[in-house]
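One structure is given here, and the rest of the page talks about it.
The values are calculated or read from the model by the stated rules, or taken from the named source; none is laboratory data. Fair warning: this is a prediction, and the values are worked out from it, not measured in the lab. All Cβ positions, even for glycine, are placed from backbone atoms using ideal geometry, and neighbour counts span all protein chains on display.
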Amino acid sequence: MARIKLGMVGGGNDAFIGGVHRIAARIDDRFELVAGALSSTPEKARASGEALGLPRIYDDFKAMAIREARLKDGIDAVSIVTPNHMHYAAANEFLKRGIHVICDKPLTSTLADAKKLVKAVEKSDALFVLTHNYTGYPMVRQAREMVAAGEIGKVRVVQVEYPQDWLTVEQDFKQAEWRTDPKRSGAGGSTGDIGTHAHNLACFVTGLTVEALAADLDAFVPGRQVDDNGHVMLRFAGGAKGMLWCSQVAPGNENALRLRVYGDKGGLEWAQEDPNYLWHTPFGEPKRLITRNGAGAGDAAAKMSRIPPGHPEGYLEGFANIYSEAADAIEAHRDGATSDALYPDIQDGLRGVQFVDACVRSSARNAAWVTL
């Protein structure tokens with residue numbers, strides 16, 4: 001089957017996440033990158049496109065959307081890997097022309113833009129995929145399958161954390177600059193950048209939605225305009241309670257995303273930095289270790305795995321799994337068929353921005369409880 005023709009907005013020469021998306025799109029050989037508007041600076045966009053050998057290079061995303069929609073062999077989908085404040089404008093241009101969108105998280109920098117993007121998706125015939133890549137990890141799918149099957153019973157307690165240390169002091173390189181600028185990142189700093197990952201992971205695995213929260217946010221680095229640490233209490237629909245900690249000022253932590261879920265029959269524990277392993281503890285019994293592609297792993301995990309157990313498989317492959325699920329959905333859409341592809345969608349994106357908005361509102365009211 002022919003590869004899906006892909007375009008990219010953002011992700012120029014010095015952009016970290018653009019390279020990640022390009023690798024992920026090619027791991028399973030489902031996509032071919034053929035067009036791009038890789039920078040808001042025309043000269044940089046040209047240089048970046050030429051360095052990648054792109055057949056079609058554009059100075060801006062609107063011109064790209066217009067021309068690609070008119071071409072007989074134009075792109076089928078576009079990856080949007082810009083800073084957050086550009087997500088809505090770029091996605092909207094492609095959605096209204098029927099081009100599928102694969103967008104980096106968070107959905108948008110503001111709740112107003114998130115709501116407008118939801119409407120744009122509803123009006124469009126195109127698909128929208130949000131790349132919360134941790135949902136593509138095999139043992140995350142295993143945990144979700146076990147919770148859905150009732151193996152830990154009714155969920156009571158959810159604890160999720162994502163600490164990092166890279167913003168412990170003021171930084172002046174590009175990735176730090178825009179992530180700490182509320183005009184580009186949005187009102188949430190650590191809450192928007194990594195808190196949304198933690199929130200999404202907790203909801204994805206448990207199948208629950210957050211109804212209310214109480215957040216205490218801080219900007220510990222002097223002069224920083226967005227939070228770099230957040231402690232959040234969560235109330236889920238159905239009665240489960242939770243705690244979320246996100247921090248980018250926790251020395252000794254790199255990408256220490258960790259999830260613990262406890263039900264009335266047992267518990268599960270997973271850590272991103274040791275991703276091939278899932279701990280399952282039935283109440284009153286010894287802990288059990290389930291390994292990726294090993295004994296006890298089910299179909300949901302197997303679908304996300306490529307190599308034998310014991311070999312590292314993680315961040316890039318998680319992204320690639322989202323891209324492969326997107327490819328399945330795009331091909332089914334093209335054929336007028338239904339698809340069982342599982343990926344974060346526009347509603348997941350909206351809930352993520354609602355989470356950030358609620359955290360900021362709550363913290364401004366001295367950690368008062370607020371609804372999403």
inquiry  = I'd like to verify a number: residues in segment 320-345 that are under 12 Å from HIS132 (Cβ atoms) and either surrounded by fewer than 22 Cβ atoms within 10 Å (Cβ to Cβ) or in contact with a strand residue (DSSP E or B) (Cβ under 9 Å, 6 or more places away or on another chain) (or both), how many?
reply    = 6
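With ALA320, ALA301, ALA297, ALA327 as the choices, which residue is in contact (Cβ under 8 Å) with a residue 40 or more places away in the chain and in contact with a Pro (Cβ under 7 Å, 6 or more places away or on another chain)?
Selected residue: ALA301, the only one of ALA320, ALA301, ALA297, ALA327 that is in contact (Cβ under 8 Å) with a residue 40 or more places away in the chain and in contact with a Pro (Cβ under 7 Å, 6 or more places away or on another chain).
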key: ALA47 among the hydrophobic types (A, V, I, L, M, F, W, C), part of a helix (DSSP H, G or I) and more than 17 Å from ALA90 (Cα to Cα)   = yes
inquiry  = Would you confirm whether or not segment 82-89 contains a residue that is among the hydroxyl-bearing types (Ser, Thr, Tyr), closer than 20 Å to GLN175 by Cα, within 24 Å of the chain's Cα centre (by Cα) and part of a loop (DSSP other than H, G, I, E, B)?
reply    = yes
key: Tally of residues being under 19 Å from the mean Cα position of the chain (by Cα) and not in a strand (DSSP E or B) across segment 96-115   = 11
inquiry  = Of the residues ASP113, ASP104, only one is over 20 Å from ASN255 (Cα atoms), touching a residue at least 12 places away in the same chain (Cβ under 8 Å) and not hydroxyl-bearing (Ser, Thr, Tyr); which?
reply    = ASP113
ask   = Which ones in segment 207-218 are more than 12 Å from LYS241 (Cα to Cα) and surrounded by 17 or more Cβ atoms within 10 Å (Cβ to Cβ)?
value = ALA215, LEU217
task = Could you check PRO275 against (1) surrounded by 21 or more Cβ atoms within 10 Å (Cβ to Cβ); (2) under 18 Å from ALA25 (Cβ atoms) and say which number it fails?
result = (2)
ask   = Could you say which residue among ALA143, ALA126 is surrounded by 20 or more Cβ atoms within 10 Å (Cβ to Cβ) and assigned to a loop (DSSP other than H, G, I, E, B)?
value = ALA126
remark   = Within segment 179-215, residues within 12 Å of the chain's Cα centre (by Cα) and within 15 Å of HIS231 (Cα to Cα) come out as GLY192, ASP193, ILE194, GLY195, THR196, HIS197, ALA198, HIS199
ask   = Inside segment 261-276, can you point out the residues that are under 18 Å from TYR162 (Cβ atoms) and not small (Gly, Ala, Ser)?
value = VAL261, LEU268, GLU269, TRP270, GLN272, GLU273, ASP274, PRO275
key: Flag for SER79 being among the polar types (S, T, N, Q), out of contact with any strand residue (DSSP E or B) (no Cβ under 6 Å at 6 or more places or on another chain) and either part of a helix (DSSP H, G or I) or not assigned by TED's automatic domain parsing to the domain that holds ALA176 (or both)   = no
Whichever residue in segment 235-252 is within 14 Å of CYS203 (Cβ to Cβ) and buried (at least 24 other Cβ atoms within 10 Å of the Cβ) and, among such residues, is nearest to the chain's Cα centre (by Cα) = LEU244
ask   = Does at least one position in segment 310-332 carry a residue that is more than 25 Å from TYR88 (Cβ to Cβ), aromatic (Phe, Trp, Tyr) and assigned by TED's automatic domain parsing to the domain that holds ALA219?
value = no
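Among the helices (runs of 4 or more DSSP H) lying completely within segment 158-206, list those that include at least 1 residues that are basic (Lys, Arg). First the steps, then the outcome.
Working: elements: 174-179, 182-185, 196-206.
Ranges flagged: 174-179, 182-185.
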query = When segment 74-87 is examined, which residues are found to be over 14 Å from ASP125 (Cβ atoms), of a type outside the set (S, T, N, Q) and crowded, with 23+ Cβ neighbours inside 10 Å?
reply = ILE75, VAL78, ILE80, VAL81, HIS87
task = Please enumerate the residues belonging to segment 130-140 that are farther than 14 Å from ALA271 by Cβ and out of contact with any Lys or Arg (no Cβ under 7 Å at 6 or more places or on another chain).
result = ASN133, THR135, GLY136
remark   = Only one of ILE17, ILE23 is surrounded by fewer than 19 Cβ atoms within 10 Å (Cβ to Cβ), among the aliphatic types (A, V, I, L, M) and touching a Leu at 6+ places or on another chain (Cβ under 6 Å), namely ILE23
